[in-house]
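Since the structure comes first, as structure tokens, the remarks are kept for the end.
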Amino acid sequence: MCIRDSEYNPRQVKVALTGYGAADKSQMQNMVQRLLRLKEIPKPDDAADALAIALCHINSASYMAGVRA
């Protein structure tokens, strides 16, 4: 089994979620809440950050799969 690691800098995560590389923390948290259809913003802040990174990865993986096809 092959496990690939991925790295994303903060700007990449912000662009992937909001389309704006200088988005602030509240904008990011609101997008995580909206994209995952959550009733509340995830707490603590680290949880919202982790979900943002996961969403960025899903978005990037989907893009890369399309590029390889």
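The values are calculated or read from the model by the stated rules, or taken from the named source; none is laboratory data. In this text, all values refer to a predicted model and were calculated from it rather than measured experimentally. Counting neighbours? That spans all protein chains shown, and the Cβs are built from the backbone with ideal geometry, glycine included. We work out accessible area using only protein heavy atoms, side chains counted, and drop any ligands, DNA or RNA first. Shrake-Rupley method; radii C 1.70, N 1.55, O 1.52, S 1.80 Å.
Let's see how each residue does on (1) at pLDDT below 95; (2) touching an Asp or Glu at 6+ places or on another chain (Cβ under 7 Å); (3) assigned to a helix (DSSP H, G or I); (4) not aromatic (F, W, Y):
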residue	(1), (2), (3), (4)
R4	yes, no, no, yes
A23	no, no, no, yes
R37	no, no, no, yes
A61	yes, no, yes, yes
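For L51, the conditions (1) of a type in the set (A, V, I, L, M, F, W, C); (2) at pLDDT below 95; (3) surrounded by 13 or more Cβ atoms within 10 Å (Cβ to Cβ) are fulfilled apart from (2). Of the residues making up the stretch 11-48, those that are acidic (D, E) and open to solvent by 80 Å² or more (accessible area, probe 1.4 Å) are E40, D46.
Taking residues in the stretch 4-25 that are hydrophobic (A, V, I, L, M, F, W, C), and partners anywhere that are part of a loop (DSSP other than H, G, I, E, B), the pairs with Cβ atoms closer than 8 Å and at least 6 places apart or on different chains are V15/G21; A16/Y8; L17/A23.
If you scan the stretch 6-21, which residues turn out to be among the polar types (S, T, N, Q) and outside any loop (DSSP other than H, G, I, E, B)? Reasoning before the result, please.
Step one: list which residues in the stretch 6-21 are among the polar types (S, T, N, Q), which gives 6, 9, 12, 18.
Hits for the stretch 6-21 are Q12, T18.
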